[in-house]
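Input: a single structure, listed below in structure tokens.
The values are calculated or read from the model by the stated rules, or taken from the named source; none is laboratory data. Because the structure is predicted, anything quoted here is derived from the model rather than measured. In this analysis, Cβ positions are derived from the backbone assuming ideal geometry, glycine residues included, and neighbour counts consider all displayed protein chains. We work out accessible area using only protein heavy atoms, side chains counted, and drop any ligands, DNA or RNA first. Shrake-Rupley method; radii C 1.70, N 1.55, O 1.52, S 1.80 Å.
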Amino acid sequence: MTNEVIRWGILATGKIAHAFARDLLLVPDAELVAVGSRRLPSAEAFAAQYGEGVRAYGSYEDLVADPDVDVIYIATPHAFHLENARLAFEGGKHVLCEKPLTLSVADSEEMIALAGQHGRFLMEAMWTACHPGVRALQRRLAAGEFGVPAHVHAELGFVVQAAADDRMLDPDLGAGALLDMGIYPLTFAHLMLGEATSLTAQADLHVTPGTASGKEGAIDMAIAMTGAYAGGALATMHASMRSWTTSAAAIATDRGRIEVPEFHHPSRITFTPKATMADWTADAGPLEPIEIEPDEPVIGSGYGNEAAEVNRCLRAGLLESPLVPHSQTLTLMRQMEEIRRQTGIRYPGE
């Protein structure tokens, strides 16, 4: 794609769509040209906030039919991602799809296959993997600058207070802490340590009928996970919809400790070296913390870097991003499917 400006459409108008749209306005050579919703007034209200020329459509079909749209950002609940992506691919559009890509490995494989069949770009919207600070940490840790990592801890949680039909609590929509929050610590550990050799988990389950199907499902209100990785490294991970966590990550190495507040989109990352008999004497003075600077500026809250990566890939003619490759998306989907099997998390009809 050689367009000077990459033209975006946003499919759905919820909270995450607004967050993405705000950052998209800050991305050089990106333009929001259209938004689609199941209700035209919702699309019109959304469009009015992000530019005078943004077109509003009262259906997803009309959005993907817009000839001026190059790429669609899918911001619907997880359960609808596959059908939304199929619609976009059939309309000739490239796709950035919110995480997790789908509810199951099989559906994710189908979406990736559809992208290939249509010759379209597809990336899961894992903004953490595109974040300049996280990328700098990942690169420098792999290069051995901070020692050998032995343990990663990451947690993300907050109290969800919502109606039973909210997507965060409705099993028909893939509700639960694992898919909404747990994917972040799992991804962070994967980025820092590589693919897990084994994972175990415990979950606090809430059994409830889906609001659309009326069939019983079991969603996790909180989940704790442990992982083993190459070289003997370990990870402990936690996600919760019923308690406030630090939302931080830490990496312990044989040379010190790395602290990552708000690890899924950090504004600061610090390595604190620790003294050892081999490399420190009193004459050397105190060991000062080292700030790990991002490789490039953070655009907005970080969603902008995700959009910029899509733009870069489209201009380069790529069908997947090296920062969020399809293989990584499928690895994380397989991990979450195994965790669901271990803990009994299930969606209606399974």
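Things worth noting here:
- Beta bridges from DSSP with both residues in the chain: antiparallel share about 55 percent, rounded to the nearest 5.
- Solvent-accessible area assigned to carbon and sulfur over segment 154-272 amounts to 51 percent, based on a 1.4 Å probe.
- Extension gain, Ala65-Arg334: 0.36 nm per intervening residue step, less the Cα-Cα distance, totals 93.5 nm.
- Here the gap between Arg7 and Ser327, fully extended at 0.36 nm per residue and compared with their Cα-Cα distance, gives a gain of 112.5 nm.
- Annotation: amide H-H contacts under 5 Å for Ser59 (H modelled 1.01 Å from N, sequence separation of 5 or more, or interchain): Ser37.
- Value of relative contact order over the chain, rounded to a whole percent, pairs C-alpha under 8 Å and six or more apart: 19
- Working ranking of peptides 262-271, 215-224 by packing, defined as the average number of other Cβ atoms within 10 Å per residue, highest first, is 215-224, 262-271.
- With every protein chain in place, segment 52-98: carbon and sulfur % of accessible area (1.4 Å): 46
- Computed Rg/Rh of segment 114-213, alpha carbon atoms with Kirkwood Rh: 1.06
- Taking 29 Å as the straight-line reach from the Cα of Lys99, the lysines in range (excluding those fewer than 8 positions away in the same chain) are Lys15, Lys215.
- Residues whose placed amide H lies under 5 Å from that of Gly217, excluding near-sequence neighbours: Thr208, Gly210
- Under a Gaussian network description of the chain, with springs only between Cα atoms under 10 Å, the residue in Val69, Val207, Val27 that fluctuates furthest is Val207.
- Of interest is the spacing of the C-alpha centroids, which for segment 71-149 and segment 245-267 amounts to 24 Å.
- In this simple spin-label model, placing a label point 7 Å from the Cα along the Cα-to-Cβ direction at both Ser243 and Val160 gives a separation of 1.7 nm.
- Electrostatic dipole magnitude of the chain [Cβ: Lys, Arg +1; Asp, Glu -1; Cα centre; debye, to 20]: 340
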